[in-house]
Amino acid sequence: GSKTTQMSAMMENTGTIIANDPKLDRIKILASNLERCGASNVIITKQNGIALCKNLKRAGFEFDKILVDAPCSGEGTIRSSPKTLLMWNINTVKSLSKLQKILLSSAIEILKPKGEIVYSTCTHTPEENEEVLDFILNKFGNKIKIEEINLPVECTKGIIKWRGDNYNKEVEKSCRIYPQNSNTEGFFIAKLKKLK
């Protein structure tokens, strides 16, 4: 709920935020944080993210801004949670990459023209980050672009080559946050804008 409460505060409790999570235990924490922070402009839903996007599209909803805080393998949390390393495997990474591509594609479908999406993970695997962006750029063509990001932490550019794959040069505009550079956990962030 920290991202949701921060967004609510930035919006000064105006407008509407739909905060979705398919896991009840995470929703309980989110609801508690929203109440504690006095965030009253948030609607909480518990649904598969892809299904939620399809339902919203069918109902004619479009959004100005969307945060896709995608489920990921969590490599960026190894520093604070070493057990993540014990659970990591390449098959999970590949499976999550497929899910992330569908999830981000579904979110783009309900984004207004000129609307923005922030795609974030807490992992460093290119399959879950730059590969997802490359897929999106190929799928949506000139309807979507990646924008530069300025953050108050040290960012490393997205990579454009990984294990024999070459990604669209635009993915360099994404941001890799490494724990050793910023004394944080590890993150990947990209900002996309819908042009049409």
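The values are calculated or read from the model by the stated rules, or taken from the named source; none is laboratory data. Treat the numbers as computed from the prediction; the structure is a model and nothing was measured. Cβ sites come from the backbone with ideal geometry, for glycine too, and all protein chains shown count toward neighbours. Accessible surface areas use protein heavy atoms only, side chains included; no ligands, DNA or RNA. Shrake-Rupley method; radii C 1.70, N 1.55, O 1.52, S 1.80 Å.
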How do 126-136, 81-91 rank on mean C-beta neighbours within 10 Å, highest first? 126-136, 81-91
Using alpha carbon positions and the Kirkwood radius, the Rg to Rh ratio of the stretch 100-196 is 0.96
Note on the chain: contact order normalised by length, alpha-carbon pairs under 8 Å, 6 or more apart, percent, works out to 20
Please tell me which of these pairs span more than 31 angstrom C-alpha to C-alpha: LYS54/LYS191; LYS28/LYS157; LYS28/LYS101; LYS83/LYS145; LYS46/LYS161? LYS28/LYS157; LYS83/LYS145; LYS46/LYS161
Report, ordered by chain and residue number, the aspartates and glutamates lying within cross-link reach of LYS193, taken as a straight Cα distance under 18 Å and ignoring same-chain residues fewer than 8 apart. GLU62, ASP64, ASP69, GLU109, GLU116, GLU130, GLU131, ASP134, GLU147, GLU148, GLU170, GLU172
Counting only protein heavy atoms and rolling a 1.4 Å probe, one gets per residue an accessible area for the chain in Å² of 57
Could you size up the charge dipole of the stretch 1-133 around its Cα centre, putting +1 on the beta carbon of Lys and Arg and -1 on that of Asp and Glu, and report it in debye to the nearest 20? 340
If one computes P(r) from the Cα atoms of the chain, what percent of pairs lie at distances over 23 Å? 46
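Please report the carbon-and-sulfur percent of the accessible area for the stretch 90-196; probe 1.4 Å, protein heavy atoms only, DNA, RNA and ligands left out.
Values: 2700 of 5230 Å².
About 52 percent, which is the carbon plus sulfur part of the accessible surface.
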